[in-house]
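Have a look at the structure below, then the notes.
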C-alpha cells in the first residue's frame, strides 16, 4: 500500500526494475528452456536471470522455495507444449516507446532522486 510517506522508498525499491526492464525483456525473448518440465524451467530461468545479473541470488532462492511449497501442496503444473505456436495477432507498424525520465509528480524533483538515494 502506498501512502505519502513512502513514495521515495517505493521508487528506490523499484528503481532497478525500471532501469533493467529493457534487458530483462530482451533476455526473455531469446531465453530457451525447452525440454524441461514446468518447475525445472521456472528454476532454470530464475538461475539464468541471476547469472545475467538481472535478478539477485535471493530471487532464485525464493522461486525455489515457492516451487517446493507448490509441490508440497500437491499442485499439478501445467503440461508444456513442445510445438511453438505463432502469435494470434501481429501489430503492423508498431512503434517502440522510448523511456524519458519525467519529474516526480509527487516530489517534484525528477533527476534529483538519484542524489537523494545516494545520501541514504
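The values are calculated or read from the model by the stated rules, or taken from the named source; none is laboratory data. The shown structure was predicted, so the numbers you read here are calculated from the model rather than taken from an experiment. Virtual Cβ from ideal backbone geometry, glycine too; neighbours counted across all protein chains shown.
General observations
- Criterion (more than 20 Å from the chain's Cα centre (by Cα), assigned to a loop (DSSP other than H, G, I, E, B), surrounded by 10 or more Cβ atoms within 10 Å (Cβ to Cβ) and at pLDDT 80 or above) met by exactly one of 77, 103: 77
- Selection within the range 50-74 - under 18 Å from the mean Cα position of the chain (by Cα), in a loop (DSSP other than H, G, I, E, B) and exposed (fewer than 10 other Cβ atoms within 10 Å of the Cβ): 53
- So residue 47, is it touching a helix residue (DSSP H, G or I) at 6+ places or on another chain (Cβ under 7 Å), surrounded by 13 or more Cβ atoms within 10 Å (Cβ to Cβ), in a helix (DSSP H, G or I) and free of Cβ contacts under 8 Å to residues at least 40 places away in the same chain: yes
- Any pair with Cβ under 6 angstrom, 6 or more apart, that starts in the range 12-32 at a residue that is on the phi < 0 side of the Ramachandran plot and ends at one that is at pLDDT below 90 and in a helix (DSSP H, G or I): 12/117
- Taking residues in the range 79-93 that are in contact (Cβ under 8 Å) with a residue 40 or more places away in the chain and at negative phi, and partners anywhere that are surrounded by 10 or more Cβ atoms within 10 Å (Cβ to Cβ) and assigned to a loop (DSSP other than H, G, I, E, B), the pairs with Cβ atoms closer than 8 Å and at least 6 places apart or on different chains are 80/37.
- Reported count of residues in the range 33-44, each being out of contact with any helix residue (DSSP H, G or I) (no Cβ under 7 Å at 6 or more places or on another chain), in contact (Cβ under 8 Å) with a residue 12 or more places away in the chain and outside any helix (DSSP H, G or I), is 2.
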